[in-house]
Every structure is written in structure tokens, then in C-alpha cells.
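Structure, as C-alpha cells:
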Amino acid sequence: MNAITPPPGGNSHAVHLISLSINGKKHELEVRPWTTLLDLLRENLQMTGTKKGCDHGQCGACTVLVDGRRINSCLTLAVMHDGAELTTIEGLASEDALHPMQAAFVKHDAFQCGYCTPGQICSAVGLANEGRAHSSAEIREMMSGNLCRCGAYNNIHDAVQEALPVCRGEGTA
Amino acid sequence: MTAMQSPVGKPLDRVDGPKKVTGQAQYAGEFDAPGLLYGSAVSSAIARGRILTLHTEAAENVPGVRLVLTHLNRPKMAGENDAYEDMDAADGAPFRPLYNDRVLYSGQPIALVVAEDLEIARHAVSLIEVEYDVESHETDLYAQLDRAHDAPAELPEARGNVDAALAKSDQTIDVEYRVPVEHHNPMEPHASTVMYFPDGSLLIYDKTQGTQNSQAYIEQIFGLEGQVRVRAPFVGGAFGSGLRPQYQLVLAVMASLTLKAPVRVTLTRQQMFTFGYRPRMSQRLRMGASADGKLQAIEHSVIGQTSRFEDFTEHVAEWSGMLYHCDNVALKYSLVPLDVYTPLDMRAPGATEGVYALESAMDELACAVGMDPVEFRLANYTDFNANEGKPYSSKELRACYAQGAARFDWNKRSAEPRSMREGHELIGMGMATGVWEAMQMPASAKAALCSDGTLRVSSATTDIGTGTYTVMTQIAAAAFGLPVERVEFRLGDSSFPKAPLQGGSFTVSSVGSAVQKACDALKEKIWEAARQLADSPLAQGAVDDLRFVDGRLQLGDSPEHGMALEDIVATCGPIEAEVDGKPGEAREKYATATHSAVFAEVRVDEALGTLRVVRIVSAVAAGRVVNPKTAGSQIQGGVIWGIGQALQEETLIDHKLGRYMNHNLAEYHIPVHADSPELDVIFVEEHDEIVNALGSKGVGEIGIVGVAAAIGNAVYHATGKRVRELPITLDKVL
Amino acid sequence: MIPFAYSKPTAVDEAVKMAGPDARFIAGGTNLLDLMKENVARPERLIDINALPLRDVETTATGGLRVGALVPNSDLAWHPEVEARYPLLSQAILAGASPQLRNMATTGGNLLQRTRCYYFYDSAVPCNKREPGSGCPAKEGVNRIHAILGASDQCVATHPSDMCVALAALEAEVIVTGPGGERRIPFADFHRLPGDQPERDNVLEADELILAVELPAERFTTHYAYLKLRDRASYAFALVSVAAALEMDGDRISTARIALGGVAHKPWRVAEAEALLVGQLADQANFAKAADALLRGAQPLEHNAFKVELAHGAIIRALGEAAGGITQ
């Protein structure tokens, strides 16, 4: 499936065919070289759960997991991810239950406006996958790539701290 | 069966939480439509002048570009100023996007490219070349102080005689505090998606703090009365940036009207620095105190920057005339117009700057008198607002000081600066008072009992992250004795009952009171309907016996004389009530305000000047707290903002270019996770039956007020150095 | 972004053949795409090198470590060999950017990071680095973050990397290949001062590709420190950073390496400063002498004079921490 028309006017910048697994579902997509992974999700696939806060890797709102690793989807081209396994905020919960990290965010009121939240949660799941953060200071340092203008940091910390062991038990998202 | 506890006062999880954590909450720039077009704005490179030529051909020739809008081909707009005056307009002539060839500030939108996709639009923007007739500009407040004029603000009359009182004071200070330009930078960039209907009407998803404000504004400037509906179901932060309709809304509407098609315009992060902001200002405080620590005189003189086209004012100096007892007070406020955009209310506008200066100066005076900063404030405590000549409806600030100090272990602080250290670091402890008005605005609400027994309540208000969805649900559920799961609160739609802008911490007070009143009106209607039914078990009751308990309407404590609400609607059909609420008359004799006491501990590396805030205690008196969880989050967020204000935030302008230079989130620093300190929020008990029917004062602003002063005072205590210009970066501490 | 063509070669020689002045290699993309979105970088072709076999980390015959150009920053920082043998490098990498960016950014790309100068990034204003000959408003503008050492009349930008500061101190070599075959560039020679060609950050030619960074056999596993000073606790570029590495002979210093970040157009080292410490006691007075030597000739601008004092203090602190060898 794809929702992309080839560039009008027949310029020389070819459309590339890529295969991408998004939240466990295979997609065959035609992408233009300059479409970022973030714009592919938001504008071409209408998967707007992944947010654009700065479009320059300076806020973390666009964080997704590629092969289990957290990255800024605004600073990478979709065409570079042929064959990758992508997990976004829309893919964390199961049919009937929130992902433990999502549930912990609700419980600890770890968000206000909610705009940085998908990025915070994906980042926290990536953090769990890395297995490097143990202390509070490490959680805070290693979550620092996700800005929250509402200032929900302490509640986010509490949520992440509570959910980390559970997420690690589950392995990669 | 026991009656459920009232949900008001309970730490309910956010009702919109599941949508926000799963990515299902949709924001203004995320609504789709078949054939949606994307607009990308062109920003001016100069600060002042005239557009001579806009070379748009190259952009227009890019395949996929549908339109390049400029001042030459835009749709007709209103000519008179009044049409552009929104609910939060400043004095003057509001900015009109693409109105003519004038460039009034650097970054001003001067064209809009509309294309079939975002990347094409952005690429085409890069192909537009502009020729300007450049005029010289002025952007430096401090180079233009001689051009200051009186601000069009209604400041309280001076009282007593400041100069005479200063002459007689045992201790005096005369200090200047400066604050820089700051930008709101909500995480969600401003965006508007305009849906165009064949009849010419528009449905607009806008990032706004007032759906009806955006609606009225667009209707007025484009002559579209009755044809515009604005929705904002989720707003990704605003902090004041959504109080006025911003230019992306106008541009998106222009493009939609021209092309008769749906159009979305989303600003880039850089463009988030091209409209309102917290203004740069100088504040001079002359204060005097007697040897025993009684304030004798306060003169607070403010000089702020504004644009050439509007005089922006906020309440900066007023706090100095109302927070403490002082008989000799003079408050002054002037403005310097510059070639910049008009400033805009930003979280606790005015108080954030004014109380910073006042509370820093109070610390200086306490040191001069040789008193503990808390004791000094208690020595000048007042329950009377001398600006207004009225007593406060409630003021539990004494309890804030006491409980905050106790939680903080303030008594372990040694008074002398530079007297506490650990390793490389000097330890500093400081405190400050916070204050914000407890306002109430007219607001309306509708409550409806639906056929499935759900109570549906609606208002045009928004939820910018403050928790409006949740607390209104709680207020309505409490009024009806329903579990919160059976209440649905709808907001963010200009077609809903009238609501004020969401700002100023008056949403719970205004909309919450209306919601409660609507519920009361609906209850009466339900009872009227239910008692008319054949064999109604309620027929014999009197209104005083009426109870709404556990989803039933019953008489007194006897469930047998009652009916389930769904049974009532099943028979009577849906019942609804809409009410208009307004501030109670009881308020008129009183001043109303929220207060706080903020305590901060900082660590300053003596050799390097690096500074960390390690601990904040904020004790808040805000009346009745509807939801301690979301209210606590509001205070925490405000404190983080205060840390940003104190240590990090500053939009740097190159005055030669007249342009902001750090217009991104890498160099405009806001706090990150690692900056977040240990943070204790205390809500002290405060009963207030005057402020509004709920007894609740609102908490969106109070969290930030006083924080920067507490931190600055702590830095002084740590280092002995008084930094009087924010932000306190390491170079100022070195 | 301005449209461009995209290709993804699978062999190094194939990639090198594709190179040219109109093309750029892309690996992590964290800086290049950022610059392309601002129309600062305007390549007509992007050559995606992610399929090239440049992801290995392996011990060299001389006991050093060869790090493939495509090894992501986070993998490098957390590589067991790096954590054990080059902890200074780990520390410096983890002080930079954010976890997400470190997961994307590569070893080679980190070397090619461009300055964070505000004027360079804003294509609406002049900048000699972006548009040679257009001027440098930073010199008399907003220059709190700019260079105090080695700047020129044309450019006062600083190099933004943390990793490179550690690599400079560790005396790594950069292995590149091009039409003329492979060459090895000592780290100190890789980045250049702006001079009258501020548009050139380094000596890499447009048709050359970084293959690897090679670290000499490990030496500084006990006495090292990376100290980064910035305007917030994390996720900010350095105002000043110091990579300090010492070898101790009892209480005397036998080898010293000191590199500064945030102060110049390249990681800043001064041989004399390091030589001053050899054979000396690890004390504040000697550290201060080294700091004086490192900062000699500093020419601060209107808003960054503090960097001289800050760097001075930071050098002393970092050397102290390195000498102590315990605070890691």
C-alpha cells in the first residue's frame, strides 16, 4: 500500500521502493529521497502519533524505535530504512492493554499537553532496551534527549523508573 | 449500598490520558482531508523596510506548487483596525499578515507557498527571492530608553510619599533588575488546518487557547460571519502563545479561500520565534525599611519593550503594591517601541518578571536589615490589598511560609552568604513569595443527560495540558453523584457554549463554576421531568430532599423513593440545560489572589560557576484543589519554567541585524530531564467561599511565580554575588 | 529540502567513484539533514554509505583499535573494548548530543560535524563559512559561544564535537580513501583553523571517504577526565570542554595530553602545555601553568571573555580529576 504519487513533472529524482515493517505490519512504499521517516509516518501514512516538535533533532518528540533502538525520525530519510522494523507509539499497546510504559505514564501523570509524550514513551522503551540506566540520575541523563515544555520531568522520571524493570523483563518492544 | 465519595479533590488520572499515551490524541496540524494542501511561510530577512519585489516565478514553476500568496494577490481583508482586535489584543493596530509591502520586524511572514506536499512547499520557499528597500531599525531596548512613553496601563495611584519615606528609612536599596526576551516554545508548533466546504464555510483546527477568539477574528477580518467553526480538541502546550490568533491561521484561511480547498499551515520551530514573546525589560526598585524590618517605601519602575504597532502591557509592578504592607508606594510603567513583534502574555505574564524583581529586592533588603528572609516577609504581612483597598477573600500565605520552610528544613540554613559548602560546591538556599490573581470570567456551559444515562457537559474552552477535560469531568460527576466514567466533558469547539480564553488560571474558576451551575440546572430539570411521570416515586418529594446518588435521583436517603437516571431519560427523553455563569457579587468587596512560598537550594561550583538547582519546595495556597494530581503537575511544570527563567532562557537578538539568532531548541535552552531537581509541592488548606462557587482559585500560573527570585536569592546566599540580570548563566557567576 | 538524487552503493570503491563536489555521503544523517533542511547544505546527490562494510571495531596489529566509520556513537561508547581501553573516549561520546542522536550518528560523521554558529545556520544572514566572502556578523554580534583561540578575521566559529576532543587527546588517526588510494591523517591535522578558507572545516577532499578512525594502543585507562561545561545539565553543546589524560610515575606526571573543545575551530592542543607537565607534580600550581600555556594568545570577543577564565578553571579541574584517577 502507499499513498504517494510520483513527483509531478517527471523530474529525475526517482521514487524508491522500500519495504518497511511498521508495528509488525509490512508496508511496501514508494518514497522520494527527501522524505524523512517522520514525514512518511505523519504525512503519507497519517500515523500522527509520532510528533514533530522541531524537525531538527533538538527535542525528541519524533522518537521511534528502529530495530529496537530509539532514534529521531526527523533526521533520517525514509529511503534509508528499507527492510527495517519500525515501532511507533501506535504499536506499543496490545489490543486490550496499554504497554507498561504507557500505563506508568498515565498513573504518574507524566504528561500534560501530551505532545512530547509519544516521544518520551518510545524513548523510555528504547532506554529499557539499552539496559544502561539504573539510578535516578542515569534515567534523567539518558532521557534528556526528550524535551517536555510542560515540565513533567519528575513525573516522567517516576513513571520510567517504575516501568523499566517490567519492560526489561519483556525484552524489546 | 454506600454512596460514592465525591470525585472532587481526588487525584483522578487524566481522562484523556489513554489517548495521549497511545498517540491517538490529534492536534491542529494532524487532521487530514482529501486533497489537503500544505502551506509554508516565507519569513522576512530584514527588520524594517519595504518589499520592492518578490520573485515568485521559480517557486510557482515547481511541479506541485498551487499558489504563492503575497500581499499582492491575497484575498480581501478588513481595512479597519477593530476587525483585527482579538480578545487578548494590546492597545494599537494589530499586525495583519500579508496586508501590504511593509516589513515591521525580522521574521515577518511575507509570502505563503501552497503545494501538494510539505516538502515541495518548503523547497519552493527556498526559491523565492526578495528585494527590499531596507530602512534602519531599532531593536535594542537599552539603547532607546530615551524614547520610553507611559504605558497605557491602569496602575494604582501612588500612595504616601516614597521619597520622604526613603529619606527616613534606616536601610534603603536602589537596584535594577533585567529580564530578557523569552519565547513560549510549546512543543507543538503553531498549526492550523482549514477544511473548506462547498458553501464557503470553514471548519478550522487551530492551535489556540480560545476557539471562539479564533472564530470571531477570522469571521471579522474575512467577512465570514456565521461561516466559521474552530476546533481544538487537543493543544500541544501554549503557555500564552495561543491567546491571540497567530499568523499561520490567517495564512491558512487565505490559501483555503483562494483555492477553495483544504489547507494546512504549520510553523517551523524557527518561525515559533516570529510572533509573541515575553518582553525584555528593566525594573528599578527603590525600597526602604526601618531597622526593625518594616517596609517604609517601595517604588517599582518598569520599562518594557513593545512593537511599533501595539503597546503591550501586563501587570508587572502591581504586585509591589499589594503583596506586603507598605504605606508609601509608587508604581511606574513605560514602554519603548522597537522594530520587533508585539510581546504576548506568557505563563504568569507580568508576575513572572515583576515578582522576580520585587522578591529579589526583598531579599536584598532583608540582608540589609539583617533579618531572615522569611521573618522579613512575615514582618510585612498583610491581609489587605492596598492597591484595591479591599481585604483578601482568603490568604493562607502564612501557612505557605510555615509548611514550606518546615518541609525544606529552612532552619538548617546559616544566614551568612558563602557559609555553606560541600567539596567544590557552594550551597545556597533562598526563598521568595509568589502571587497571582484569582480571577473569574463570564462563562457558559451545557449539561445533558443522554439516552444511555451518560452525562455530557460541554464548553468551548480548551485543555492546553492543564487538565481541563479531567477536572470538569470531576466537577460534573460530583454534582450528579455519578462515577466519572459516566461523565463525558467536551471542549475545544467554538460551537459549544461560550468560554473565555484559557489563560490566567481562571478556567476552573470560570468554566468550572459554569459547569457546576449547568449541572444544578439540569438536576432541577430532571427532577421536574421525573416527578411528572406516572407513578413517579419522586412525586411527593420537596426540592430540599432531593439527592443525586450513585447515578440515581432519590428523596433523602431512601433509594426506594428514587429512579435511576437512565430510566428517567428512557421515559422522558434526553434532557439538557445551558447556563451562563458570571463572577459572583460577593467577590466585589474583596481582593482575590493565589499565593505561594518557594524555597530553593542551589549548588554552585566555586571555580567554574556551574550552577544546579537541587531542590525546590513550593507551598501553594490556591483554595480548593479539584484534582491534586493534575494540580500538582501544574505547579511542578511552573517550577521547571522558573528554573528555565532563572538559569537558561534568553532569546538572543543581533541588534545590527535586528534578528533573533538562537531561534531553535538547541540554542534556546529550556530545562531538560537532567536539570530537574527534587521537587516538593504542598497545597496548604485554604477555604474560600467568596472567590467562586467551587472555592477553587486555579494553579496554572502560580507555580512559576517567585521561582526565579528564590533561585537568584539562593545564588546570592551561595556565592555572595547578586546577579541582577536573567538568566543566571555560569559566566555571570564566575 | 532541495530535491536530490539518492543512491546506495555496497562497495567502498563504488562509493568513492560516485563522489564529487555536487554529492555528499550520508551515514547517520543527523547533521547533514539538519543542514539540508536549513538550506545550508545543498547537495544534488546523496550517496548513502550505510551498506558499506565499515562497521567493525577491531584490534590492530600494533595493539590499537580500528573503529569503522559507520560505527554508531552509542555502540562505540558502550563497546567493551572502548569502555575498558579508552574510557576517556566513552565519556566524551556520552557527554554529547542525546541517546537518540548517538544511536544514529556515526564515527566518521562525528568528525564532519559542522559548527553551531548561529549565523552559519541562518541562511538569511551573511556567513563566510556558508557563503564565502559574505561576511561574519558573529565577530561583532551574538558571540558568547564563539572561539577564543585560533580564529581568523573571517570566521570565529567553533567545532562542536565532544568525541573529537577525546580523539585529539588520544592522538587517533583518520584513515580515508579516495581516487588516489588510502591515506592516514593524524587527528591534529584533520581539522583545520578557519584562516581565509572558513568554508573548509577539515582536510578531507570532496571525493574522499572516511573508512575508519584508528586509536593507538591504550595508555590512559586510569588517569583521564572529560569535563564538559554547558548552559544546561545535558543535551547542549559545550561552552568549554576538556579532555585530560595523564600517565603517572608515582606522584609525578610522565605523560600529559590536554585537548579543549568549544574554544576553537578544531580541538585545541598545545604541545608546550603538555610538555610543561612532564616530570612535574600533579598539583594546582602546575596545572595552572599548563592552563596558561594552553590559553596563551586567547582573543576573546565581546561576549565570550568568560571562556578564558572558564577554560582555565576547567583545565585545572580536569587535570585534577585525571590525576586523582578516582572520580571516574
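The values are calculated or read from the model by the stated rules, or taken from the named source; none is laboratory data. Note that this is a predicted model, so its numbers are computed, not measured. Cβ atoms come from the backbone with ideal geometry, glycine included; neighbour counts cover every protein chain shown. Heads up: the accessible areas ignore ligands, DNA and RNA and are worked out on the full protein's heavy atoms, side chains in. Shrake-Rupley method; radii C 1.70, N 1.55, O 1.52, S 1.80 Å.
To the nearest 0.05, what FRET efficiency results for C:Ser134 and B:Arg50 with a Förster distance of 22 Å applied to their C-beta separation?
Result of the calculation: an efficiency of 0.45.
Rounded to whole Å and sorted largest first, list the principal axis extents of the Cα atoms in segment B:524-681.
Computed over segment B:524-681, the largest-to-smallest principal extents equal 84, 38, 37 Å.
Per the helix-only calculation at 222 nm, which mean residue ellipticity applies to chain B, given -39500 (n - 2.57) for every DSSP H run of n ≥ 4 and division by its residues, nearest 500 deg cm²/dmol?
-7000 deg cm²/dmol
What is the ratio of the Cα radius of gyration of chain B to 2.2 N^0.38 Å, with N the residue count, to two decimals?
Details: Rg = 27.2 Å, N = 734, 2.2 N^0.38 = 27.0 Å.
Here the answer is 1.01, to two decimals.
Nearest 500 deg cm²/dmol is fine: what mean residue ellipticity at 222 nm does chain A get from its DSSP H runs of n ≥ 4 alone, each adding -39,500 (n - 2.57), divided by its residue count?
Mean residue ellipticity, 222 nm, calculated: -8500 deg cm²/dmol.
Skipping prolines and chain starts, which residues have an amide H placed within reach, meaning under 5 Å, of the one on C:Ala212, given they are 5 or more residues away or on another chain?
C:Ala69, C:Ile175
Please list the non-local residues whose amide H lies under 5 Å from the amide H of B:Ala111, H modeled 1.01 Å from N, same-chain partners needing a gap of 5 or more.
B:Val42
Tally Lys/Arg at +1 and Asp/Glu at -1 over every other residue whose Cβ is under 9 Å from the Cβ of C:Lys37; what's the total?
My count for the surroundings of C:Lys37 gives -2.
Cα atoms only, segment A:100-170: Rg and Dmax in Å?
Looking at segment A:100-170, its Cα Rg and Dmax stand at 10.6, 31 Å.
Based on the Cβ-Cβ distance of B:Asp327 and B:Glu225, what FRET efficiency does E = 1/(1 + (r/R0)^6) give at R0 = 60 Å, to the nearest 0.05?
0.70
Please identify which residues in segment C:307-324 have an amide N closer than 16 Å to a label point set 7 Å out from the Cα of C:Leu281, following the Cα→Cβ vector.
Counting only backbone N, you get C:320, C:323-324.
Starting at 0 and stepping by 10 Å, how many percent of the alpha carbon pairs of segment B:9-163 end up in each bin?
9, 23, 26, 20, 15, 6, 1, 0
What Kirkwood radius, in Å to one decimal, follows from the Cα pairs of segment B:131-284?
That comes to 19.3 Å for segment B:131-284.
Can you pull the three principal axis extents for the Cα set of chain C, in Å, largest first?
59, 50, 35
Radius of gyration and Dmax for segment C:223-324's Cα atoms, expressed in Å?
Reported Rg and Dmax, both Å: 13.1, 44.
What translational D, rounded to a whole number of µm²/s, comes out for segment C:26-147 from Stokes-Einstein when the hydrodynamic radius is the Kirkwood one over Cα pairs, at 37 °C and 0.692 mPa s?
201
When only the heavy atoms of the protein chains count and the probe is 1.4 Å, how do B:Lys10, B:Lys517 rank by accessible area, highest first?
In descending accessible area the options line up as B:Lys517, B:Lys10.
B:Leu104: net charge of surrounding residues, Cβ under 15 Å, Lys/Arg +1, Asp/Glu -1, itself excluded? Walk me through the numbers on the way to the answer.
Numbers: positive: B:Arg48, B:Arg50, B:Arg96, B:Arg102, B:Arg308, B:Arg659; negative: B:Asp101, B:Asp133, B:Glu135, B:Glu138, B:Glu310, B:Asp311, B:Asp339.
In short, -1.
Assuming a viscosity of 0.692 mPa s and a temperature of 37 °C, what translational diffusion coefficient in µm² per second does Stokes-Einstein assign to the protein assembly as shown, Rh being the Kirkwood radius over Cα pairs?
It comes out at roughly 103 µm²/s.
Could you give each residue of segment B:236-252 its phi-based ³J(HN,Hα) in whole Hz, using Karplus coefficients 6.51, -1.76, 1.60 with θ = phi - 60°, and x for Gly or Pro?
x, x, 7, 6, x, 5, x, 6, 10, x, 9, 5, 5, 5, 5, 5, 5
Per-residue accessible area for B:Thr266 at 1.4 Å probe radius, Å² rounded to 10?
Only protein atoms counted, so the area is about 50 Å².
Search the structure for amide H atoms under 5 Å from the amide H of C:Asn202, placed 1.01 Å from N in the peptide plane, and list their residues when 5 or more places away or on another chain.
C:Arg192
Could you tell me the center-to-center distance, by alpha carbons, between segment B:229-306 and segment B:320-383 in angstrom?
Using only Cα atoms, the two centres lie 21 Å from each other.
Find how much the distance from B:Ala570 to B:Ala291 grows on full extension, using 0.36 nm per residue of separation minus their present alpha carbon separation; answer in nm with one decimal.
Full-extension gain reported as 93.0 nm.
Restricting to DSSP H runs of at least four residues, report the calculated mean residue ellipticity at 222 nm for chain C, -39500 (n - 2.57) per run over all residues, nearest 500 deg cm²/dmol.
When only DSSP H runs of four or more count, the value is -7500 deg cm²/dmol.
Filter the DSSP H helices in chain C by two things, a Kyte-Doolittle mean of at least -0.5 and an axial alpha-carbon span of 18 angstrom or more, and list the hits by number.
C:306-324
Which whole-angstrom value gives the distance between the alpha carbon centres of segment B:578-650 and segment C:1-34?
First find each Cα centre; the distance between them is then 50 Å.
Quick one: which of B:675-683, B:559-567 comes out on top by average Cβ neighbours within 10 Å, and what's the full order, highest first?
The most tightly packed comes first, giving B:675-683, B:559-567.
In whole Hz and in residue order, list the ³J(HN,Hα) couplings for segment B:307-321 that follow from phi through the Karplus curve 6.51 cos²θ - 1.76 cosθ + 1.60, θ = phi - 60°; x for Gly and Pro.
8, 6, 9, 9, 9, 7, 10, 9, 8, 9, 8, 3, 4, 5, x
I'm a student and want to see the number: the projected area of the Cα convex hull of chain A, averaged over all directions, in nm².
Result: 10.0 nm².
Using θ = phi - 60° and the Karplus curve 6.51 cos²θ - 1.76 cosθ + 1.60, what whole-Hz ³J(HN,Hα) does each residue of segment B:564-578 get, with Gly and Pro shown as x?
Karplus-based 3J(HN,Hα) across segment B:564-578 equals 5, 4, 5, 5, 5, 5, 4, 8, 8, x, x, 10, 9, 9, 10 Hz.
Any lysines with Cα under 20 Å of the C:Lys17 Cα? List them, leaving off those in the same chain fewer than 8 positions away.
Cα-Cα hits under 20 Å: C:Lys8.
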